[in-house]
Amino acid sequence: MCLFEMGFEEKAIKLQVKEEKACERKKICLHAFSDLTYVAPIVFLYLLKECYVHGNLKATKKFRALQQEVHQVLCNSPQPGPATFVAYCLYILPIFGSYCEGFSHLIVSAFHRFLKTAATTGDSLEAKIIAVRLFLDIIEGSIDHDERIAVKILEVFDIKLTDIEKVASQSKAKNDRRFHNVKAFLEQYIFGFIESESYMTAVNLLEHFSIRQSGESFLVKMIEKKQFRAAEKWATFMGKPMLSMLVQEYVDRNKLKSAYLIVKKNNLQQEFPDVHHKYKESALKKLAEKACWDVAEAKANGDRQLVDYLVYLAMEAGYLEKVDELCNRYSLEDFPKAQEHEAIFLQHCFLNLNELGVEDIIWVDELNVLGKATCHIEGSKVVGLDCEWKPNYVKGSKPNKVSIMQIASDKKVFILDLIKLYNDVPDVLDNCLTHILRSPRILKLGYNFHCDVKQLAQSYGDLECFKCYNMLLDIQNMFKDPRGGLSGLAEKILGAGLNKTRRNSNWEQRPLSQNQLEYAALDAAVLIQIFYRVCDHSHTADALDGHNKIEWKSYIVSHMDNPRKSRKESRLRKEPEPEVKDNEA
């Protein structure tokens, strides 16, 4: 007998599904849920399965749509009552095999939502008895339900230890001695979860039945296994002494943010007066390590002690102008001027331009300088490329425009002021960079340069130069697992890293500071030196990930997707690749 002959009118539940070009309505099922007042739980579950199987929505939307329909069925007061109906459904669901777990969560969540709006179900007592029996059957293993469902059954039917003891006493009256000591039986059941390291389930059950143990070893075990959510839930349930122990464990493990949040939430400031300050200092240090100095200063919020700490971080990082800037802004007269701490900076063994053979940094923001720079670059066989833009710390907002583009040859680094050149001479800028980026004669080196190319295209979408490129070698792709970014790679290949403290500085300020210029120049120039060293046969096998020599030519990529090429561009493409011999490198 088909479903429609059983008296169910055909109905389509339609949801809007956003497609790439148009909105399409999709069906989730063909069965009516409008009136199932007298339907048996087994038939209801079968209909639910049919809806799920034949629905063509994605899983999440399908779940929500069916959840809404189950909620509607419960509102229609199925017999002998919505709570009892749900309890019977949960009893039957294991026979549906792989659908059991998902449907159990679906029905329980719909019932939980129903209980929030229903004044009373009218059948809660009968439903609770059935739910208790179901829970006990799950514990014994005679009903195959997921452990999380067992916990949800306790919560949604509000089953207490006294309820279980009441049902168990009925079993004892029938000479069933399985539940002679209900509490001991439950503790043994919970202990099984602790042994199997299902700590959250164990904690939920202990809390639900108000079973308290000594707890200290249990708490430490959860922390050692990194089950922090379970540990915090347990400590909160056990009270202030256990919370204090948890805070101390977090402090000892340098999890200062977690410790601070627990102290704040549970009013433990008197017991742990230093945690807040230690957490703030830890947060400043992490921001300084990421070169987010402006964010770190905002986090300090003018607190003298935190600002002092930020100054010391800037000293350690060798960010000398930041030291002076903070001292001047906050009138920190106790600190000597940054120049007196030059020795601190020198201790860091960072690469400098002299070591890389760079003789000159040329700022390019005018037409004639751009022309000279282009001529010089076109005469080079290998150049290094990099870009910088002002960081944007507002979550969800668009990145700022690329501010500068660095192009390094063997001896010189040209820093193009893209913002000014784009405003003054956009056509000339487009033409010059097109010649450079699409030239088959120039090998262009970058590091993670696809990110820069994407940002350039977004910043200057009407320029053609950033849409195509030729002969680009991304140094990052030559190594299987580069650690520490470009600085880490430089340290690995050249023996010293780069000072990255100015990475997130304001690249839109004009003029740039000398330190900013040197930082920008280094990022482009170091690519050439890394490339030369990689191509050198004498380089050690360790630094090259187990290879005596990297076949760098196989990593060269081009992106020339414009089908309409000028004759001049076609001739250029036929010309041979640049002859950069390994022994010359």
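At full extension, K286 and V369 could sit 25.8 nm farther apart than now, given 0.36 nm per residue minus the alpha carbon distance.
With a simple spin-label model that places each label point 7 Å from the Cα along the Cα-to-Cβ direction, the separation between V220 and Y393 comes to 4.0 nm.
Taking 7 Å steps out from each Cα toward its Cβ at K61 and R483 produces label points 4.5 nm apart. Estimated from the Cβ-Cβ distance and a Förster radius of 25 angstrom, the FRET efficiency linking T162 and E50 is about 0.05.
In the stretch 409-462, a dipole from Cβ-located charges (positive for Lys and Arg, negative for Asp and Glu) runs towards its positive end, and of G446, I436, A457 it is G446 whose Cα lies farthest in that direction. Taking a ≥ b ≥ c as the square roots of the eigenvalues of the alpha-carbon gyration tensor, the stretch 426-527 is classed oblate because a/c is 1.5 or more while a/b is no larger than b/c. Solvent exposure of the stretch 41-180, expressed per residue, is 48 Å² of accessible area, with all protein chains present and a 1.4 angstrom probe. Which shape class applies to the stretch 211-331: rounded if a/c is under 1.5, otherwise prolate when a/b exceeds b/c and oblate if not, where a ≥ b ≥ c are the square roots of the Cα gyration tensor eigenvalues? Judged from the Cα gyration tensor, the stretch 211-331 comes out prolate (a/c at least 1.5, a/b above b/c). The loop-placed trypsin sites (Lys or Arg not before Pro) in the stretch 237-278, going by DSSP, that have at most 14 neighbouring Cβ atoms within 10 Å of their Cβ come out as R253. Remark: the E359-Q458 segment gains 32.4 nm on full extension, using 0.36 nm per residue and subtracting the alpha carbon distance. Find which of L136, F114, Q68 sits farthest along the positive direction of the dipole of the stretch 45-169, computed with +1 on the beta-carbon of Lys and Arg, -1 on that of Asp and Glu, about the Cα centre. Result: Q68. Applying the Kirkwood pairwise sum to the alpha-carbon positions of the stretch 33-97 produces a hydrodynamic radius of 12.2 angstrom. Anisotropy class assigned to the stretch 125-260 is prolate, per the alpha carbon gyration tensor with a/c at or over the 1.5 cut-off and a/b larger than b/c. Just list whichever of K152/K265; K444/K500; K221/K255; K381/K411; K322/K454 have alpha carbons separated by over 19 Å in the model shown. Correct reply: K152/K265; K444/K500; K322/K454. Only residues of the stretch 496-510 count here: report those whose backbone N is under 20 Å from the spot 7 Å along Cα→Cβ of Y555, or say none. The answer is 496-498, whose backbone nitrogens lie closer than 20 Å to the label point. For the stretch 274-340, carbon and sulfur atoms together expose 45% of the accessible surface, with a 1.4 angstrom probe and every protein chain in place. Across the stretch 41-180, Cα-Cα distances exceeding 19 Å account for 51% of all pairs. The packing ranking, built from the mean of other Cβ atoms within 10 Å per residue, places the peptides 73-83, 518-528, 101-111 in the order 518-528, 101-111, 73-83, highest first. Which of K166/K264; K240/K278; K286/K395; K226/K264; K372/K480 have a Cα-Cα distance over 30 Å? Cα-Cα > 30 Å for K166/K264; K372/K480; rest within. All Cα-Cα separations within the stretch 274-340 were binned at 10 Å from zero, giving a P(r) of 22, 58, 19, 1, each value a whole percent of the pairs.
The values are calculated or read from the model by the stated rules, or taken from the named source; none is laboratory data. In this text, all values refer to a predicted model and were calculated from it rather than measured experimentally. Note that each Cβ is placed from the backbone with ideal geometry, even for glycine, and that neighbours are counted across all protein chains shown. With ligands, DNA and RNA removed, areas are computed over all heavy atoms of the protein, side chains included. Shrake-Rupley method; radii C 1.70, N 1.55, O 1.52, S 1.80 Å.
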